[in-house]
Amino acid sequence: MASRALAAIAVLAGLAAGSAAAQEFELIDVVAIAELPLAQAKPRSIAFADRPGEGLVDPAVGFIRFEDWAKARPLHRELLSLYPGYAEPDVDLIVDGVRRRYRERLHIYVAEARFVIARPAGSLNLAQLASLGFAERIDPAIKHQLAGAADPARPREARVIHNQHPQRKWCEGRAVAICLRSTYKLEGRLPVGIQLANKIREGSRRISDTLEFDSELTVVTAAEAGERGLAKLTGVDAPPVGALEQSIYYVNQVMQFGKLLAVFQPHPSDPARTVVSVFTALAVESNVLTKQTQFANVPVLRNLVPAQVLLGKSTFNSGKSLSAGLPAYARNQIRAIAALLEADGGGGKPLLRR
């Protein structure tokens, strides 16, 4: 389903591209970011990887099964899941009047990127990135507002209670953190496709053409980064000065969780520069990818199959924002992040401590 499929793209937390400055960065596709040595990194270049190899990808849908990801990439699973120890949730389902418990299977999309900015790591003021202003500057098509942890829950939020952090409430217990309540109205041909899809789905819950998602945006301190072992995740031989972390714990359709983690480390051979490693992970409900194929038999909607839309292989994909499809969007969003950090730190002012 178009809306359901693109809801998954929301794990990128509104990080999109589109500015001319962002397009100036050269993106180099690699198998893994560690494959491109820092010594070979060119100015305004980004090493980018989102293709884990045929051995891990589920050929039926084009994404990795969560359980396969957990076994093959335990460090990724520990640091890029919604919280440490996160597992596919057990949910209750009423079948013929009988409550049954079953495991909600997930598929995962993971992208990683690395670039270098010409700023000393020790001078960075990461707190300004955990702000509404930073989120708003990334992609104007996504509308954000600040929300407190005690604000009224969105409709149907009870369905993701298992996404609650086991050690604290989201947006609480952090020195620097904000809660974002975000919306995005799908663009291009997708709203028309959704209208047609709703007409043939009489009796089923209607698909929305607007994505809604709640997230926590917080700063990870240098001490926390060391405790978590973020340097092992990046593969850069230097202690992180901190990280920016966004955890998407609620989406109105298709997705279970999303994570963005940007780690900042001194360049090992040049203290005047900073290495930025960015990781994104998105967990999609498997039944959406494997079962929602009824549109394939409807000529006008045959390209509205969720996996196609998510992979950007549908004629309904359009634009440069969320409606473009996940691979194109991920590449655009990392260019936007790099451009903002290089220009002024992303906060509209120098990314330096005063």
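What follows draws every value from the coordinates through simple rules; no lab data is involved. Since we're looking at a predicted model, the values are computed, not measured. FYI the Cβ positions are ideal-geometry reconstructions off the backbone, even for glycines, and counts take in every protein chain you see.
Holding the Cα-Cα limit at 29 Å, pick out from Lys42/Lys232; Lys143/Lys313; Lys169/Lys232; Lys232/Lys320; Lys185/Lys313; Lys185/Lys259 the pairs that are longer than that.
Lys232/Lys320
If r is the Cβ-Cβ distance from Leu146 to Lys169 and R0 is 22 Å, what FRET efficiency results, to the nearest 0.05?
That pair, Leu146 with Lys169, gives E of 0.85.
Taking 0.36 nm per residue of sequence separation and subtracting the Cα-Cα distance, how much length would be gained by fully extending the chain between Ala118 and Glu67, in nm to one decimal?
Additional length available on full extension: 14.5 nm.
What order do you get for Tyr250, Tyr102 when you list them from fewest to most C-beta neighbours inside 10 Å?
If I rank by nearby Cβ atoms, fewest first, I get Tyr102, Tyr250.
GluC sites (Glu not before Pro) within segment 160-256: which are DSSP loop residues with at most 11 other Cβ atoms inside 10 Å?
Glu202
Between Ala272 and Lys42, what FRET efficiency follows from the Cβ-Cβ distance if R0 is 22 Å, with the result rounded to 0.05?
0.85
Extending each Cα 7 Å along its Cβ direction at Lys199 and Thr290, get the distance between those two points in nm, one decimal.
The answer from the label model is 3.3 nm.
Which order do the peptides 53-63, 279-289 come out in when sorted by mean C-beta neighbours inside 10 angstrom, highest first?
279-289, 53-63
Pull out the extension gain between Thr183 and Ala34, defined as 0.36 nm times the separation in residues minus the alpha carbon to alpha carbon distance; nm, one decimal.
Gain on extension, Thr183 to Ala34, equals 50.2 nm.
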